[in-house]
1. For segment 231-328, please report how many Lys pairs fall under 25 Å Cα to Cα, leaving out neighbours fewer than 8 apart on the same chain.
2. Hand me the trypsin sites (Lys or Arg not before Pro) from segment 620-695 located in a DSSP loop with no more than 16 other Cβ atoms within 10 Å, in residue order please.
3. Shape call for segment 509-593 from the C-alpha gyration tensor, a ≥ b ≥ c root eigenvalues: rounded (a/c under 1.5), prolate (a/b greater than b/c) or oblate?
4. Kindly identify segment 615-694 as rounded, prolate or oblate by the Cα gyration tensor criterion: order the square roots of the eigenvalues as a ≥ b ≥ c, call it rounded if a/c is under 1.5, otherwise compare a/b with b/c, prolate if a/b is larger, else oblate.
5. Show me the trypsin sites (Lys or Arg not before Pro) within segment 275-365 that DSSP assigns to loop and that have at most 13 other Cβ atoms within 10 Å of their Cβ.
6. For segment 782-858, taking Cα atoms only, what is the radius of gyration to one decimal and the Dmax to the nearest whole Å?
7. Rank-order 475-483, 237-245 by packing density, defined as the average count of other C-beta atoms within 10 Å over each peptide's residues, highest first.
8. Roughly how big is segment 231-328's charge dipole about its Cα centre, with Cβ charges of +1 (Lys, Arg) and -1 (Asp, Glu), in debye to the nearest 20?
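Each value in this text was obtained by applying a stated rule to the coordinates, not by laboratory testing. Predicted model only: the values in this text are computed from it and were never measured. Every residue, glycine among them, receives a Cβ derived from its backbone with ideal geometry; neighbour counts consider all protein chains shown.
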Amino acid sequence: MKNLLYSLLRLLLVFLTSSIVFFALIVVTGKLLTPYFDKKAPVISHLISNILKKPVEIKQFSIAWQGLTPIFHASEIAIWDNTQHHRLLSIHTLNIGINIFRSLLHGSFRLGPVDINGVELVVHQLNDNSLVFTGISTLLNQSSISKTKGMNELAALILTEPQFSLENIGLTFYPKTGPVWPLMRVALRLKNNRNRHQVSGQLHFLQEKMSTLNFKADLEGRPSAFSLNNLKGLIYLQGHHILLDQWMNAWKPTVQISSINTNFEIWARWQSDHWDQFQGFIDNLQSAQVKMEKQPLLSFSPFIINLLGQSTPQTWHIDAVVHQFGMKRWRAIPGIQNLDAYLHITPDHGKLVAHSNGGYFDFGPLFKSPLPVNRLFSQLHWQKKNNEWIIQVPQFEANNDEVSVNAQWALLVPKVTEQSEMSLLAHVKLNDSGALSHYLPQTQLGPELIHWLSTAINKGSSVGSLVLQGPLNQFPFDKHNGTFLIDTHIKDATLTYDKAWPRLEKLNGDLIFSGRKMHISVHSANLLDTTLNNIQADIPIIKKKVQAVLTLVSHEINTRLEQGHAFLMASPLAKGLLGQLKNLILIGPLNLRLQMAIPLEAGKQKLTVLGSGQIERAQLKIPQHAIQLDQLTGFFNFNENGVTNSALTGILWKKPIELAIHSIPTLQITVHYEGILTQLKPEQQGWQFSVDNKMAKGTILIPNDNVKPIVAHFEKINLDSSAEFNKVNTWNFKQLPKMNVDAKAVYYNAIRLGAVQLKLNPVLGGVLIRELNAGDENYHLIASGAWHIQGSHSTELRGQLDSGQLSNFLRNWGLPTSMIAEQSHIKFNLHWLGSPYQINLRKLNGYFSFNATNGQIVDIGSSNEAKLNFGRLLTFLSIQSLTRRLQLDFSDLKTKGFDFTNLQGHFTLRNGHAVTRDTTIEGPVALINIAGRVGILNKDYDLTIKVVPHFTSSLPVIVGLAGGPVAGVVTWLANAVLGSTVQKIAETSYHITGSWDKPDVVKTSIR
């Protein structure tokens, strides 16, 4: 046994010695032949050409030794196709080492270090994702390198060589779709030591912004040309400005990526056939988009993510921390911005804890606009069970400047996602109720209703809850198979229910959305400084293509007419018939009931208004005409077209008045006042009403322009002074308007005054009679004056009266008709206690002057004629009658009275008496002076009359006739007729007393 071992040991020693000697001989021989090979580049080119069966050109070739390893160095290598017209491959330098020991050990060449520098490669990707290396594929007689097998063979080849490096490798890549990639520079270093493989390298993209990919790997295991599953170890990747869209679009066409520019670091451990562990950091530098097959585009904003994951052949899990994550809305997932989150993800369950400061949610058309978030905290869990996903959010808290939300919800997503069901309960607080429309689902609303909801509620705050439960595809649950309820309490809000109507302010109440219905219950609100209570507002149905109508109901509003009138004038009703009430001032309490239907969208439904009001002891003023009604009491009903019915009573100028207003189809106001029943109708210029009764018949126009006076046109007016004087005190002269009166026939105490034009202006302390014109065929009166109301009522009137038919004028006025004149003129200035139409002769004061021409005093009474008879006597003595006398014509002596050429005098009126001191009657035969009193009230006289005959104009004529043929006759007549009588009446005075009908005439003196 010992001999056998000894023999084997000696044999082994001999073999080793021989091998060393042989190895040494080979090394020595190689070194000796090195200078020879340095000069044999063509020979080497020819040798390699025979091996590759392609023409090869090597400009330089040499051999160098690194220890016991020969290094074959070649430069400027070109490999051509068989035609030698197209270069297949160019290599700047190539260093190949031969491991002599391993070669001898294995009986074949074993490579040592391999270094390649300066190669330009062009790669084309085919539709099956296989690669074609221009030149190399032709050189190797391969059409392409398949995605799996080719890569495995290439990796196995590289991992079996002890040392391999690539430097300055240019790579131009043509993907199967899209533009050519930017030029790449590759550097690779590989060191294999038995089953340990260490790889490091760099990939540079030569583009506007340089991007770099560094990679390292430390693997163990024996690679196989068919699989890399025998390998395990650590891998490290670092990227700087890497455009992932180039890689993903080329190798994963079902996922299209654009604009993903990232910095990242990834540490991973490969375990045979899967990734055992990985950890990474990814910084997405710019907004990116991902398109997965037929799915909508998914957009991300820049974000940072830290990853930690583990996997086994059976399962995997990933933990991630994301910073500043943002994505646009994608399918049913809302868009989000500036979110920080922790995720734990497994194939069948997961967890998300998220928070944000200063982000937003974008639900697309569901809400009016993206919802800003000042602060967010949420927990979300999901689990897959029986092919259904159960998503639960036990905590969701979010707030912004407008709203804060605290919610819990759950979502069940079955295999058929359209049948998903949600259960949501949220508590909501709105700091500004005007922002409510931002949080209402608008996909179920028409654009006009959306606009109304956006502007209807402003200011104030609200607190409420949201309940959503049921199948999401059935929202808002028209078939009552789910619940959608928003119930909020509003405080100090403003409700603009229609921009044309006055808004409700400081509103406190409840706002409820239930299904497709909206209800507002107003506990209190202010409308034009009026506090309202118990108002109900509803939208019965909220649905696209169905007209939304807002109904408002107020059962009882206790306010004032001032606010009610302001409300009317600020509403669309002011544009209709009710707008004619705009010039009124209403003061007093008002009890109102109101119902309205306001269309919020175009459709068949039009604005409808139905209301009723009750007023008591109110006041109505027409300020431009100083008209005021007091103690106005009654009711009225109205709709959108006007007043449908009313019954009102009040006091006008301290006298009762009844009003009935009806404005459909045209506005009419029936007035019953002082026994006068009339109707007011609106005209273009104002209000007109007619009067037709025993007192007056005509029309009165109250103009809209307060500068213009009230205009009255009468066919007739009957005035009666029999009314008690104290009734004048019932008039409120502060309310008397400016007025122009035109009457064709006026009667005063049955006296016909004829046509009258009267212009009145209210002034401080009374009424100014600017102009009074009256007259008929017998007279014409022009006057002006004033009606004073301070203290006792009094009237003053001044003017003039002219008459060409004095006797008729006196007869019409009930005065004695004892005077006839061709023309008469009276100027007067009178005043009396009482109204203008209540002349009290007892208290009539003032003065007037009278002037008449070419007239006659007649009918002074038969008894007095016998006593006086001076009229006829003086007429006989008249110089104007002398011619007739000479012709023996004495017919005018039969006429009773006294002719005069001029009658004039001044009278003072006091206590029903007219006193004169200078009245004169100038006749043809005498001058009469009158002084004394005429009792107008008592119709009596107290006058002194002095008659002065004109003898100087008569007797000289008689004397001159004595020498004529008829001198005797004339003289006889003068003596017989006149005789002593003429002497008796010469310069005679009379005292007249007694009544107008039976005056008492007494001669007082004879000269």
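1. Number of lysine pairs found: 5.
2. Lys654, Lys694
3. Judged from the Cα gyration tensor, segment 509-593 comes out oblate (a/c at least 1.5, b/c at or above a/b).
4. Here segment 615-694 falls in the rounded category.
5. Here the trypsin sites (Lys or Arg not before Pro) that fit, given the DSSP loop and packing criteria, are Lys294, Arg331.
6. Cα-based Rg and Dmax for segment 782-858 come out at 14.4, 46 Å.
7. 237-245, 475-483
8. The dipole magnitude comes to about 220 debye.
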